[in-house]
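Engineer: Pasting a structure here, questions to come.
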Amino acid sequence: MSEIKKNSRNTENAPKSPFSTQTVAFSHYNNFSAQLPIDPKTGEIVSGDIKEQAKQCLTNIQAIVESIGHVMDDTVKLTVFLKSISDIEAVDEVYKTFFKSNLPTRTTVAVEALPLDGALIQIDTLISNGEGTTPQKALDLVKVTRNTENAPKSIHAHNVAFSHYSNISAQLPIDPQSGKIVAGGVKEQTEQCLENIKAILESIGHVMNDVVKTTVFLKDISDAEVVNEVLAKFFPSYVPARTIVSACALPLGALIQIDTAVSHGDGTPPQLPEDARFLVIEANNTENAPKVPYSHTVAYSHYNHIAGQLPLVPENNQIVGSGIKEQAAQCLNNIKAIVESIDHKMDDIVKVNIQLRNVADITDVNEIYTSFFSGDLPARTVIGVSAIPVDALVQIDAVVSNSEGTPA
């Protein structure tokens, strides 16, 4: 295949940043930088309550979407970061007004802090991209939205498939029959989240081994070991890439929520159905990055999903230094090692997600961050969290473009 080129774009109608690109398209998806409730004309947080702020975030997303010739209904996934989980209902009122057809999949989580003082909300977005990127030919692909009775009902879709990926709404530990959180602790709740994901996958003819990335949101980061044990039972042979995120609060008072990216070998109309066996998931690990109980990177079709990287030295798996700059550099060096181990470079990254124990550290991180790229910067999301595994100050994960695809 010819080398597909990522397409990085900004518009004056949404807030700009010197440290990220508003949207980076590659193949059949657009990856957006998370949008804060900033008025692009003033550069300031809009006045008003959560509804006004949610409206501004979505207005910024809409401006970016329209600047690249798309509409809001091309959205396949949103992640909503809130300062207060109790604001969900108010956000839903605003949110529904921006879509004319089926709602996209969604993840909602309350976090310790957002990048700007006064922000109550931040929204991250993934958009379908039927035109592909150079030199792909434009295809009038149709996104497919589906729900199943075997998973908890919600206002958003269980699953939205587009091209070679399925996007699943983050699953809470809800029993679909009762509509309530299951009894027990984090072990039982993790099992229920995964059973719900499994039910959605089976409803679209897929299996758990088609998952390429899991993002685990935990109320208590010390529960990670128990969660990893449960995950191992659901993925006994192949283990997807993984990131663990500390949540201040989750919907319904849950202890855990699990978000997944799923390979989808059958494509979407009018792509010809492809036997999933003929598009291969490629999981890779390298000795040059810290050892973990999951894959460093999982490639499928035109994307590589990099597991969350901690500031650990690969030779001994020990945390490096005590300062944010040193730790951020180590995280990025680990990502670079993984990227280079699969014959890619840092400028192939289309999206970066940064977790910080102190969100004010983003200024120091930015000094280090930009030195790892020589071309257009990726889209980016930054959140503040109360804890990070191994008591780190920072954790970074990434999505990498994969022009060679995976074997067909």
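Engineer: Check off (1) more than 17 Å from residue 244 (Cβ to Cβ); (2) open to solvent by 20 Å² or more (accessible area, probe 1.4 Å) for residue 163 and give me the number that stays unchecked.
Structural biologist: Among (1) more than 17 Å from residue 244 (Cβ to Cβ); (2) open to solvent by 20 Å² or more (accessible area, probe 1.4 Å), residue 163 violates only (2).
Engineer: Keeping to the range 209-236, report how many residues are of a type in the set (A, V, I, L, M), touching a Ser or Thr at 6+ places or on another chain (Cβ under 9 Å) and part of a helix (DSSP H, G or I).
Structural biologist: Number satisfying all stated conditions: 5.
Engineer: From the residues in the range 138-158 that are under 22 Å from residue 26 (Cβ atoms) and in contact with a strand residue (DSSP E or B) (Cβ under 7 Å, 6 or more places away or on another chain), which one is least open to solvent (accessible area, probe 1.4 Å)?
Structural biologist: 141
Engineer: Sticking with this one: Would you pick out the residues in the range 172-200 that are open to solvent by 40 Å² or more (accessible area, probe 1.4 Å) and part of a loop (DSSP other than H, G, I, E, B)?
Structural biologist: If the condition is that a residue be open to solvent by 40 Å² or more (accessible area, probe 1.4 Å) and part of a loop (DSSP other than H, G, I, E, B), then 177, 178, 179, 183, 184 are the ones that fit.
Engineer: In the range 50-83, which residue that is under 20 Å from the mean Cα position of the chain (by Cα) and of a type in the set (Ser, Thr, Tyr) is surrounded by the fewest Cβ atoms within 10 Å (Cβ to Cβ)?
Structural biologist: Step by step, filter the range 50-83, then rank; the result is 79.
Engineer: Right, next: Give the residues of the range 169-190 that are in contact with a helix residue (DSSP H, G or I) (Cβ under 8 Å, 6 or more places away or on another chain) and closer than 24 Å to residue 306 by Cα, sorted by residue number.
Structural biologist: 171, 172, 190
Engineer: Another question about this same structure. If a residue has to be hydrophobic (A, V, I, L, M, F, W, C), open to solvent by less than 20 Å² (accessible area, probe 1.4 Å) and out of contact with any Cys (no Cβ under 9 Å at 6 or more places or on another chain) to count, how many in the range 343-364 make the cut?
Structural biologist: 5
Engineer: Taking residue 60 as the residue in question, decide whether it is in contact with a Ser or Thr (Cβ under 9 Å, 6 or more places away or on another chain) and under 19 Å from residue 380 (Cβ atoms).
Structural biologist: no
Engineer: Suppose we filter 308, 321, 375 for residues that are on the phi > 0 side of the Ramachandran plot and either open to solvent by 30 Å² or more (accessible area, probe 1.4 Å) or at pLDDT 95 or above (or both); which single one remains?
Structural biologist: 321
Engineer: Give me the pairs: first residue in the range 130-144 and at negative phi, second residue open to solvent by 40 Å² or more (accessible area, probe 1.4 Å) and of a type in the set (A, V, I, L, M, F, W, C), beta-carbon distance under 8 Å, and six or more apart or on different chains, which are they?
Structural biologist: 130/138; 130/139; 131/138; 131/139
Engineer: To continue, here is another question. Could you list, in sequence order, all residues of the range 272-285 that are surrounded by fewer than 15 Cβ atoms within 10 Å (Cβ to Cβ) and at pLDDT 75 or above?
Structural biologist: 284, the sole residue that qualifies.
Engineer: Consider residue 315 carefully, then state whether it is of a type in the set (Asp, Glu), free of Cβ contacts under 8 Å to residues at least 24 places away in the same chain, out of contact with any strand residue (DSSP E or B) (no Cβ under 7 Å at 6 or more places or on another chain) and open to solvent by 20 Å² or more (accessible area, probe 1.4 Å).
Structural biologist: So residue 315 passes the test.
Engineer: Still on this structure, I have one more. Can you tell me which residues in the range 67-83 are out of contact with any Leu (no Cβ under 6 Å at 6 or more places or on another chain) and in a loop (DSSP other than H, G, I, E, B)?
Structural biologist: Listed by number, the residues that qualify are 68, 69, 70, 71.
Engineer: Given the conditions (1) free of Cβ contacts under 8 Å to residues at least 40 places away in the same chain; (2) surrounded by fewer than 16 Cβ atoms within 10 Å (Cβ to Cβ), report the number of the one that residue 96 does not fulfil.
Structural biologist: (1)
Engineer: Restricting to the range 203-228, name every residue that is free of Cβ contacts under 8 Å to residues at least 12 places away in the same chain and among the acidic types (Asp, Glu).
Structural biologist: Residue satisfying the conditions is 225 alone.
The values are calculated or read from the model by the stated rules, or taken from the named source; none is laboratory data. Note that the coordinates shown come from a computational prediction; the quantities given were computed from them, not determined experimentally. So basically every Cβ, Gly included, is an ideal-geometry build from the backbone, and we count neighbours across all protein chains shown. Areas reflect the complete protein model, heavy atoms only, side chains present, ligands, DNA and RNA absent. Shrake-Rupley method; radii C 1.70, N 1.55, O 1.52, S 1.80 Å.
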